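Let me begin by presenting the structure, written as structure tokens, before commenting on it.
The values are calculated or read from the model by the stated rules, or taken from the named source; none is laboratory data. What you see is a predicted model; the values in this text were computed from it and never measured. Every residue, glycine among them, receives a Cβ derived from its backbone with ideal geometry; neighbour counts consider all protein chains shown. The protein model used for the area step is the full one, side chains on, heavy atoms only, and it has no ligands, DNA or RNA in it. Shrake-Rupley method; radii C 1.70, N 1.55, O 1.52, S 1.80 Å.
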Amino acid sequence: MIVCVAVVGHQNNPLYIQSFTEADDALKLHHIVHCSLDVVDERVNNPKKSGPTLNETFLGLLYPTENYKVYGYLTNTKVKFILVTTDLDVRDADVRNFFRRFHSAYVDAVSNPFHVPGKKITSRTFAERVSTIVKSFGLSSAG
Amino acid sequence: MATMLGQSDPANSPLGLMLLDEITPVVMVLRTPLVEEACLKNGLNLVELLTPFSTFNNIDVPVRTASDQPYRLQKFKLRLFYASDIRQPNLEVAKEQLKEVITHAGEKDFSDLCSDPPQIEDVLSTPESEILPSWFQFFNKELVRSLSFSDHEAFDHPVACLLVVSTKDERPLNRFVDLFNTNQLPFLLNDGVMDPKILKHYLLVHDNQDGSSEKAEKILTEMRSTFGSNDCQLLCINSSQDGLVEHEDNPWAPYKTDASLSQPLGCFLNIDDFNEIKDLMQDFSSKHIIPHMEQKIRVLNQQVSVTRKGFRNQIKNLWWRKGKEDTPDASNGPMYTFSSIESQIRVLGDYAFMLRDYELALSNYRLLSTDYKLDKAWKRCAGVQEMMGLTYFLLDQSRKEAEYCMENAFNTYLKIGSSGQQNATRCGLWWIEMLKTRDQYKEAASVYFRISGEEPLHSAVMLEQASYCYLFSKPPMLHKYGFHLVLSGDHYKKCDQIKHAIRTYRRALSVYKGTMWSYIKDHVHFHIGKWYAFLGMFDVAVPHMLEVLTCGHQSKTTQDLFLREFLQIVQNTGKKFEVLKLQLPAINIPSVKVIFEDNRTYASPAAASVRESMWQSLEEDMIPSLPTIRTNWLESLPKNISKKHKQSNICVTGEAIKVDVEFKNPLQITISISSVSLICELSASSEEMDCDANSSTSELQNDEESGKLTISREQTSNSSFTLSEADFSLGGGERIMVQLTVTPRIEGILKVVGVRWNLSDSVVGFHNFESNLVKKKIAKGRRKAKHSPSDNLKFLVIKSLPKLEGSIHHLPEKVYAGDLRRLVLELRNQSEYPVKNMKMKISSPRFLNVGSWEILNTEFPACLEKKTDPEQRVQANHNKESHTVFLFPEDTLIQGGTPFLWPLWLRAAVPGNIPLYITIYYEMGDISNIMRHRTLRMYHNLQVLSSLDLSFQISPCPSRLKEFLVRMDAVNKTSSEIFQIHQLSSVGHQWKISLLQPVETMLPSELMPGQALSRFFKLENVRKLTTPEDKVSLLAPQEGSDVKLGSEASNEILFDICSSPLADFHICERIHQEGSHQEHPNSVDFILISQPSNDSINTGLPNPPPHLFSHHVCHCRIESTSPIWWLMEGPRTIHHNFSASFCEVKLKMTLYNSSDLSASIFIHTLDSIPSTSQLSEVMAGSPGNQAGWYDTSLLNDIKVTSDVLGMKVGKPPSLDSVSQFIWSGSCSTKVEVEPMSTAVVPLQICVFSPGTYDLSNYALHWNLLSSKDEGSHGKCPGSPYYLTVLQSA
């Protein structure tokens, strides 16, 4: 199950962070997302040598914490998407697919002329879309 | 060995030094109590006494181990332990010790924690050693030491035994034997873990205070003969008799940690003793220990070579071990005694390691690790791998191999469960040091994380160390640094190490400061605050709690918790906390608005919020332009008002300055705010001059300072002004606009500094209005934009003045369009001084008009009724002043609070939200004041709802010249109001309106909501040719004609549309409705007057004052655009005998020129047949229908007219048929018609056969004879005229 998704701006400022758990663990998830930014930076600064990853936006598994797996994605505008999941066996393809859909939702949200770049994303439509994507992720990985 | 030298020598790395310190030969010390006694005179026990001399930095001993190549050993160290201490430390005791260490460190580090946490940039630039708490090293060392003397490792096993007996002992030789034979020997020797045949060294200690050493010499000789001459030595101590020896660089000091020294260390040891001890230890190491170890290495190596080296031995070993397959899979594996080959290899390896023959050590460890693995002796296996890792590291050969070994060992330790945890920790610490040496901080951090374990205190320290690793990694991983600090802080908190918790959190703060991660930030600040409060440091706690107050993003319960905690802490400080820029509630600074009254006064707050430019344009021609006024009164000012004040705002003593401040609650919970008031300074005018200089110097430099400064000022000068206080509570997310006032009591300079409030009665918040922020708003609202910022909130207070207060009685907020009613303006002046020369101007005369004084006492609407006697009529304000300024009568004086009343007329002209601006100018009766005049500005907003939708349609009467049919359509657009239509009037003397039908036959005149109504009227043009003089007065409706529409007899009266106010309003309406129409002489204005029905469905107002509705529709025009009206006259039906001759019909056309210019008209008859010719033939077939073309209804008439016209345009004339009639006589006639006059033109047609003919195939070309007007000509097609010609018998 996806427990948290986040959008982090290029100055590592949180733009959108949403947890999908019942428990009151927002703080923990904030910390996990915040922490994973270091790994994102590291991945970006030391890219793997292999050729096709040159323009790869998907950063893969950032780090496994005790109970979570954290995946990252970096857009061309250096906006980071972070996914925290409790699933232990996640297929990369699923995550890639998730991020692709999430990215398009994000692009739509920031294309709104009333959105101020660099400010938090407050669009309700975006939130709804994200929760749909998150739900469908749970289904596809379960099935 | 070459590898031991050089800069990047691993031996010089922290780990190398640590290993050189920790993995060294152990010497077991056995002594008699008397020896101890002698030593304790110096404040030291025997081991302490000897320890400083058992570390050698330059021992320079040649060593030859297994290989034949000798090498020299420089650094060497012996570890001395009493036999009783050679055992595994108690875990619980060790833990307690560690806890003590941490607590102690916490106290020590806490002193500097009250300062601000450092910036993250500073943290990054500080060297490692300064950031890392020094006690980490100590803690780690203690942790490693807690694992000493384990049975699976050999480096802690004593290499030699030092037996010490005092000369004072009885039978010292026997004592030596007894010492070693007691049961007190450590378990290592007794359990068979190590060889009990250990190198022994006998030492006789002589205390020189007990007499000469002669006896000692004797015993020594005896010893030598018994134990061997090499192994016995004599040590004489305490040679100093007085005990006052001071040692420079006291060698014992670093080893003795507890500072509670009653006497200086080694006070009885003089330089001879000192040297003797030194020599003793040097000798012991180089002549006994090292050779002994060399010897042992060689022996063991020989043994190992014999049993294990070579192909044959390996096969044998493998086979032999396979045979032991059935051994129990215990975590420790099988028990290995000292005589087993495995133990011997281990000893060999460890000895080689300690003598730094790492190659030899490594080969043996390797050999051993496979054996242990096969035996499944995991703990031993891990121990060996650990050593392999260290050996690889010190050899600096294969980094990968070293790390692999460490990881392997670490994992193996973890695998064996809880018993291996401690070992895993030690292994981890060594591994970490290894990684740190190679700058692999990130990896080191993850190892720290892995060894953090279960126990909170332990994991707290480990996590904190991990966090520093992230900080030191290149590039620094600050996010993880912060996170691990927070984790560590939580663990510290769990084991009540609050001070450490605060320390780590504060460090973490430097990471989160300035970021947007508010949840994390709030958490950190809140906990720091809470913990400080827990420690009783409330003053330090408050700033942190302040940080979390504006946590709008948090949940409601969290907000509640934060606020409660904050208030509690503040209460605990025991004083009213004063906080500058308290964030709760938030103040919307751009919304701050200052309203003050100088010579502009306002009747209501709404009036004050109207744009200044609006008022200015209104007052433009009423008061002399402001600059001149200003200079006027400034010129008359005494000189002492400096030029500086010319620009500052002026306010009047006793009149309040209002400041609107918007407070917003950023939280979801309710907060209570009390005692909200302004912070002001007022310097009296007497001291004004000197104050000027002062105030400019004491400008608000420092926020903090000024906050305090103002309070004191306010308290001292409290009597000079009064402040209003407001209390309110703000619900979640609520905004509230609060108006605060300051009323100066004396003349001088008043300065509004800021605002203060109490939050929940315990915190005082301040906010200074930074002038540049307020400036914007002020500049926008006021006329002075070029002020220096500080002047905006600075006021020159002048002495009190009369001030008019005004209000309008009975002004409704909501009316229906057309509503006409009388209002009363009331003016009051509370002051004793009169005001005079009053003028008034109203922004929209269309809606509001000034009445005349007399009607104040008459009854409404009776005063509007048409009087029979023209003398009594109230003359309309024909003068143009109704648009400009109304002058009150010269003798009007208002003073002393007596109300002054004046009537006003209100007429809601059009629907919408209508702002009404009224400004009243007045002058002071008392000329002595510097301000001569003031204006009172009143503003009201009127909501006008649409009521009747009225339209008129005028069409020429087909049968009569100069008469028109008027159709009035009225729709009641309201939802509840019933209108009783009373009268319709046409305005102007040239029109006369009358009913088409008698009143009795008409429908009821009540118009229900939503109902539509149509009425028809006849309108007659009674216009005469006017002289130019008359034309001027055309605008004013002098005359009019009225039609009464009310069906009831009670409504006998007619209202006079020609007198004020109806006439005045009508003029306005005319002007407004003019629009794009140009003034046309043939337009007519109508006024429909209706009354609210008595049984109107009540709109909510209980008893509305009497009112009328008047609807004005102006510039109604006749549909034809031509100024020429004509009428064809002639017979309609003719009998004629066509067999005799064709028929000639004489017709007559009457032309009327309705314009003011004479017209030339050209009648052109066409012989082409209009499209109706076909129709006429059809009609001819039914000659009986003679009366078929008469109109039946007027409504149809209008329609037909238009239809016929349309048909003519639409259908092209058919040219193929021949006309049945021809125009005879002249085919074109031209006539000149004078203005407003008629002309008659005879026409004639010839008809050749019977039938019905449409004689519309002619056109009128008209041309107004005017030189300038180019649009005054046109063409009119003929109107239908049907003629039926019948064959006569």
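See the values below:
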{"read-out": "Test: B:Thr221 is in contact with a helix residue (DSSP H, G or I) (Cβ under 7 Å, 6 or more places away or on another chain), in a helix (DSSP H, G or I), at pLDDT 80 or above and hydroxyl-bearing (Ser, Thr, Tyr)", "value": "no"}
{"read-out": "Residue within segment B:500-513 that is more than 11 Å from every other protein chain (Cβ to nearest Cβ) and of a type in the set (Phe, Trp, Tyr) present", "value": "yes"}
{"read-out": "Restricting segment B:113-147 to residues that are among the polar types (S, T, N, Q) and surrounded by fewer than 19 Cβ atoms within 10 Å (Cβ to Cβ), the residue that is modelled with the highest pLDDT", "value": "B:Gln137"}
{"read-out": "Residue in segment B:558-581 that is within 28 Å of B:Pro744 (Cβ to Cβ), open to solvent by 30 Å² or more (accessible area, probe 1.4 Å) and in contact with an Asp or Glu (Cβ under 6 Å, 6 or more places away or on another chain) present", "value": "yes"}
{"read-out": "So B:Met545, is it surrounded by 23 or more Cβ atoms within 10 Å (Cβ to Cβ) and away from chain A (no Cβ under 14 Å)", "value": "yes"}
{"read-out": "Residue within segment B:423-435 that is in a loop (DSSP other than H, G, I, E, B) and more than 17 Å from B:Glu454 (Cα to Cα) present", "value": "no"}
{"read-out": "Restricting segment B:514-529 to residues that are farther than 14 Å from B:Thr558 by Cα and more than 8 Å from every other protein chain (Cβ to nearest Cβ), the residue that is most open to solvent (accessible area, probe 1.4 Å)", "value": "B:Gly514"}
{"read-out": "Of all residues making up segment A:1-42, the number that are more than 12 Å from chain B (Cβ to nearest Cβ) and open to solvent by 10 Å² or more (accessible area, probe 1.4 Å)", "value": "7"}
{"read-out": "Hey, B:Met477 within 11 Å of another protein chain (Cβ to nearest Cβ) and hydrophobic (A, V, I, L, M, F, W, C) or not", "value": "yes"}
{"read-out": "B:Tyr468 vs. criteria more than 14 Å from chain A (Cβ to nearest Cβ) and touching a residue at least 60 places away in the same chain (Cβ under 8 Å)", "value": "yes"}
{"read-out": "Every residue from segment B:706-746 that is at pLDDT 50 or above and among the hydrophobic types (A, V, I, L, M, F, W, C)", "value": "B:Phe721, B:Leu723, B:Ala726, B:Phe728, B:Leu730, B:Ile736, B:Met737, B:Val738, B:Leu740, B:Val742, B:Ile746"}
{"read-out": "The lone exception for B:Asp703 - which of (1) under 25 Å from the mean Cα position of the chain (by Cα); (2) of a type in the set (Asp, Glu); (3) at pLDDT 55 or above it fails", "value": "(3)"}
{"read-out": "One residue from B:Ser212, B:Ser166 being hydroxyl-bearing (Ser, Thr, Tyr) and free of Cβ contacts under 8 Å to residues at least 24 places away in the same chain", "value": "B:Ser212"}
{"read-out": "Matching entry among B:Ile930, B:Ile978 (being closer than 30 Å to B:Ile623 by Cα, in contact with a Ser or Thr (Cβ under 8 Å, 6 or more places away or on another chain) and surrounded by fewer than 21 Cβ atoms within 10 Å (Cβ to Cβ))", "value": "B:Ile930"}
{"read-out": "Residues located in segment B:445-465, provided they are open to solvent by 20 Å² or more (accessible area, probe 1.4 Å), away from chain A (no Cβ under 11 Å) and assigned to a helix (DSSP H, G or I)", "value": "B:Arg450, B:Pro456, B:His458"}
{"read-out": "Selection status of B:Met537, more than 14 Å from chain A (Cβ to nearest Cβ), more than 25 Å from B:Ala466 (Cβ to Cβ), open to solvent by less than 10 Å² (accessible area, probe 1.4 Å) and touching a residue at least 24 places away in the same chain (Cβ under 8 Å)", "value": "no"}
{"read-out": "Pairs where the first residue, in segment B:365-387, is open to solvent by 40 Å² or more (accessible area, probe 1.4 Å) and the second is assigned to a helix (DSSP H, G or I), C-beta under 7 Å, 6+ apart", "value": "B:Arg366/B:Met388; B:Lys373/B:Cys381; B:Leu374/B:Arg321; B:Trp378/B:Thr412; B:Trp378/B:Lys415"}
{"read-out": "Residue in segment B:764-773 that is at pLDDT below 85, under 43 Å from the mean Cα position of the chain (by Cα), assigned to a strand (DSSP E or B) and closer than 30 Å to B:Glu890 by Cα present", "value": "no"}
{"read-out": "Filtered residues of segment B:26-64 (kept if touching a Pro at 6+ places or on another chain (Cβ under 7 Å) and either small (Gly, Ala, Ser) or open to solvent by less than 10 Å² (accessible area, probe 1.4 Å) (or both))", "value": "B:Val26, B:Val27, B:Met28, B:Val63"}
{"read-out": "Which numbered condition A:Thr77 fails, given (1) modelled with pLDDT under 85; (2) open to solvent by 40 Å² or more (accessible area, probe 1.4 Å)", "value": "(1)"}
{"read-out": "Number of positions in segment B:317-339 that are among the polar types (S, T, N, Q), in contact with a Gly (Cβ under 9 Å, 6 or more places away or on another chain), modelled with pLDDT of 70 or more and surrounded by 11 or more Cβ atoms within 10 Å (Cβ to Cβ)", "value": "1"}
{"read-out": "Residue among B:Gln282, B:Gln295, B:Gln302, B:Gln314 that alone is open to solvent by 40 Å² or more (accessible area, probe 1.4 Å) and at pLDDT below 85", "value": "B:Gln314"}
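To keep it simple, each residue is scored yes or no on (1) in contact with a strand residue (DSSP E or B) (Cβ under 8 Å, 6 or more places away or on another chain); (2) in a strand (DSSP E or B); (3) open to solvent by 20 Å² or more (accessible area, probe 1.4 Å).
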residue: B:Pro889; (1), (2), (3): no, no, yes
residue: B:Gly897; (1), (2), (3): yes, no, no
residue: B:Trp905; (1), (2), (3): yes, yes, no
residue: B:Val910; (1), (2), (3): yes, no, yes
residue: B:Gln943; (1), (2), (3): yes, yes, yes
residue: B:Ser955; (1), (2), (3): yes, yes, no
residue: B:Arg960; (1), (2), (3): yes, no, yes
residue: B:Val966; (1), (2), (3): yes, yes, no
residue: B:Thr974; (1), (2), (3): yes, no, no
